[in-house]
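Some notes on the structure that comes next.
Each value in this text was obtained by applying a stated rule to the coordinates, not by laboratory testing. None of these values were measured; they are calculated from a predicted model. Using ideal geometry, Cβ is built from the backbone for each residue, glycine included, and neighbour counts are taken over all protein chains shown.
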Amino acid sequence: MSRIPVLKTYKIYIGGKFPRTESGRFYQPEDAKGNSLGNLCRSSRKDLRNAVVAARAAFPGWSSRPAFNRGQILYRIAEVLEGRTDQFVAELVAQGSTAKAATKEVELSVDRLVYYAGWCDKYQQVFSAVNPVASNHFNFSIYEPMGVVAIVAPEESSLVGLISTLAPALAGGNVVVLLASQSKPLCSITLAEVLQTSDVPGGVVNVLTGFDSELLPHFAGHMDINAVIYGRQGADQIEALQRGAAENVKRVSLLGDRNWLEAEAHDPYLILNTQEVKTTWHPIEKVGGSASGY
Amino acid sequence: MLKNKEQERLALEFSQGWSYAPAPESTDHVQLQERYSLFIDGKFVAPSSKKYFPTVNPATEQVIAEVAEAGKKDVDKAVKAARKAYDEVWSKMPASERGKYIFRIARLIQERAREFAVIESMDGGKPIRESRDVDIPLAANHFFYYAGWADKLSYAFPNRRPRPVGVAGQIIPWNFPLLMAAWKLAPALATGNTVVLKPAETTPLTALKLAELIRDSGLPPGVVNIVTGAGATGAALVSHPDVDKIAFTGSTEVGKMIQRAVAGTNKKVTLELGGKAANIIFEDAPLDQAVEGIVNGIYFNQGHVCCAGSRLFVQESVAHTVVRKLKDRLKTLIVGDPLDKNTDVGAINSAGQLKTIRDYIALGKSEGAEFYESPCALPQAGYWCRPTLFTGVSQSHRIAQEEIFGPVLSIQTFRTVSEVIDKANNTPYGLSAGIWTDKGSKIFNLGQQMRAGVVWANTYNKFDPTSPFGGYKESGFGREGGLQGLAPYLQFD
């Protein structure tokens, strides 16, 4: 008799742990032939709140790490992801990819992480400025992370799209609450396992699965989320999101029309999407030498 | 007078009852061959002259290994290999893939960090604490940092279409052997150049271990070539007609020779040369911290540091206190076995350098400055110099003008800000400066007034891959590190 495979339970990822949704609910996404992909957590508003609490708690530690260290950790995610290529390919195939397209998507995902790993200690150098103000002051403007960033990950591009929206926020020192693709959620939870074993501190990334129709208003309205990256389409959803965001003046980035499978679908401006600019003034005492000048 | 005597009685007596048990780093995991050949086109090959020279442990005077002496023919072979690798492989590779090779090298150094640290201390005499905590991690970090730049160059130089230069000839000094190799190789490779690197003749081993590691990384053959030898080997590399760019770190004297040698050619040049940095202590500085900064500034790596804070300027009102604290602190420095984890000051790099330092100490005494050295005992074998300082130094003394490259500090005093700016800038060098004060507005003023490429405020001898390093005036030109460190290896439309 052939061996009975052991099936994986997909749970959500909050504060470095894998709980089930507090609501106890589930849903069954299907493949192209209508077969169930498994029982996924149908996360609730309470799960979102828990995830934001975990993220906020992780923010001081993550944002104060040296940029170089964040780069090392993003690179580590790439290393561990590369090692689990087969598993991701299998999930992408189950969700409807061809094997060839799936392999390409995983490779692109790894390379994209390496790309943003490199940016961690560079975007500040490229974009910040020393400002030549007219008075005797040393004046400079630097970038700082916004804080808790909610990401509504792309619906179709379930791995490379997810990574392409997640990595720039992490590179810039933000913490994330992420809503996975509703119809193709498998890779998001497996990616959470990769994150958990890649020196990413618990709470820095939190992953929920479930219905965007149910969760989107709460993402928009939550008072302790600083910014939302919306990776999907839909004029009505976008307007509702923008309206809700006004509650605490969230910054909203719309990235739904990008093709994340293109090799060049990455740039440092995606990091700046979740950065604030801080300008500091400091006086300069003016005493010169006797113009020795050499 | 009475007060001084009292202070002398109360001075801390560290020579009594303060002995540390030896804590030597283990060397049994280190893999060294008896003889190293030249690394050309991905393989170790014997030099055409068949000549080898010994490399010596300066703490024991024992020969560690023999290394090949590369002649003109060998250098030519290395340059040809670099050119071929540039034309056929490296310049055609997508930038992101190039970057991944460099990330690999960074990771391999991290994995083998301890072995490299031990060899660095054996070959160069620097304390294991420095090679373990500074040299090797920084070297790995440089590769990691520049790896990320490979596919981002158009953001560093917008609207300029950056392209590699071609084959780079790189010559590095003996004071930070692996770190200097990393400073040279990482930006050159990230920008798409191929390289012939010549390490210093007294400290070639970590560069040769790096060659092994680069071979293991799968980097295409010929992209990095490492040739060992002394001045003649370097001269052959500088004058080779198919080298597009020279990067040199070393003395101002040799730097000037190189600048003359490439005159009239199309070779790009960067020079990181000597220094005689002013370290300035104001009366409002946190003095205990400042004393630590002075010690770090001049005794770090036995003073074999081009940016060493070798000229100390102390504001007159606190000069007595600072010098007293400094002398006390000198007594606590542990001089000895570089492989001992307690050691603060290791061995002088070579017999030749020890003679240079001793000549300068004799000169300082004969010029009339007041001499003080730590009373510590020194090992029998090996090359050693006690941490030393001179007070009563004037601007005209040669020990205040010339780079000694050893643990010898010249102390002068000043009264006004204007005066110390003049004194500090009154040197042909301009590599670095230190400022110690509680007042931010003074820091920014002094920072602007110093004619030097790096200014440390309330700290000293700090290095980071993201931070450009290099000199004004006769300390050379070009920067290494940071975004600016890419430019010397690129050409633009």
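Data overview
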item	result
Subset of segment B:378-407 that is aliphatic (A, V, I, L, M) and in contact with a helix residue (DSSP H, G or I) (Cβ under 6 Å, 6 or more places away or on another chain) - its residue that is surrounded by the most Cβ atoms within 10 Å (Cβ to Cβ)	B:404
Wholly enclosed helices (runs of 4 or more DSSP H) of segment B:85-167 bearing at least 1 residues over 30 Å from residue B:56 (Cα atoms) and within 14 Å of chain A (Cβ to nearest Cβ)	B:95-111, B:136-149, B:153-156
Some residue of segment A:119-126 being touching a residue at least 60 places away in the same chain (Cβ under 8 Å), within 11 Å of chain B (Cβ to nearest Cβ), more than 30 Å from residue A:284 (Cβ to Cβ) and surrounded by 15 or more Cβ atoms within 10 Å (Cβ to Cβ)	yes
Residue B:331 being over 19 Å from residue B:424 (Cβ atoms), in contact with a strand residue (DSSP E or B) (Cβ under 7 Å, 6 or more places away or on another chain) and either basic (Lys, Arg) or in a strand (DSSP E or B) (or both)	no
Matching residues in segment A:255-267 - criterion: being over 20 Å from residue A:107 (Cα atoms) and surrounded by 12 or more Cβ atoms within 10 Å (Cβ to Cβ)	A:255, A:256
Subset of segment B:415-442 [more than 9 Å from chain A (Cβ to nearest Cβ) and either under 20 Å from residue B:292 (Cβ atoms) or among the acidic types (Asp, Glu) (or both)]	B:432, B:433, B:434, B:435, B:436, B:437, B:438
Criterion violated by residue B:266 - all others in (1) out of contact with any Leu (no Cβ under 7 Å at 6 or more places or on another chain); (2) within 16 Å of residue B:407 (Cα to Cα); (3) surrounded by fewer than 22 Cβ atoms within 10 Å (Cβ to Cβ) satisfied	(2)
Out of A:135, A:164, A:157, sole residue that is in a loop (DSSP other than H, G, I, E, B), hydroxyl-bearing (Ser, Thr, Tyr) and either in contact with a Leu (Cβ under 7 Å, 6 or more places away or on another chain) or buried (at least 18 other Cβ atoms within 10 Å of the Cβ) (or both)	A:157
Residues within segment A:78-105 that are closer than 19 Å to residue A:155 by Cβ and in contact (Cβ under 8 Å) with a residue 12 or more places away in the chain, tallied	8
Criterion violated by residue A:279 - all others in (1) more than 14 Å from chain B (Cβ to nearest Cβ); (2) free of Cβ contacts under 8 Å to residues at least 60 places away in the same chain; (3) farther than 29 Å from residue A:109 by Cα satisfied	(2)
Segment B:453-464: number of residues that are within 12 Å of chain A (Cβ to nearest Cβ) and among the aliphatic types (A, V, I, L, M)	1
Segment A:94-118 - residue that is of a type in the set (Gly, Ala, Ser) and in a helix (DSSP H, G or I) and, of those, nearest to the other protein chains (Cβ to nearest Cβ)	A:118
Index of the failed condition, residue B:488 passing every other in (1) assigned to a loop (DSSP other than H, G, I, E, B); (2) under 21 Å from residue B:256 (Cα atoms); (3) away from every other protein chain (no Cβ under 13 Å)	(1)
Which numbered condition residue B:296 misses (of (1) surrounded by fewer than 22 Cβ atoms within 10 Å (Cβ to Cβ); (2) touching a residue at least 60 places away in the same chain (Cβ under 8 Å); (3) under 15 Å from residue B:318 (Cβ atoms))	(3)
Residue selected from segment B:443-452 under the condition at the interface with chain A (Cβ under 8 Å from one of its Cβ atoms) and assigned to a helix (DSSP H, G or I), by the criterion surrounded by the fewest Cβ atoms within 10 Å (Cβ to Cβ)	B:448
Selection within segment B:78-119 - touching a strand residue (DSSP E or B) at 6+ places or on another chain (Cβ under 6 Å) and β-branched (Val, Ile, Thr)	B:79
Single unsatisfied condition, residue B:493 versus (1) acidic (Asp, Glu); (2) under 22 Å from residue B:310 (Cβ atoms); (3) touching a strand residue (DSSP E or B) at 6+ places or on another chain (Cβ under 9 Å)	(2)
Lone qualifier among A:200, A:252, A:228 - being under 17 Å from the mean Cα position of the chain (by Cα), closer than 21 Å to residue A:77 by Cα, surrounded by 15 or more Cβ atoms within 10 Å (Cβ to Cβ) and more than 14 Å from every other protein chain (Cβ to nearest Cβ)	A:200
Sole exception among (1) of a type in the set (Ser, Thr, Tyr); (2) within 14 Å of chain B (Cβ to nearest Cβ); (3) under 15 Å from the mean Cα position of the chain (by Cα) for residue A:157, by number	(2)
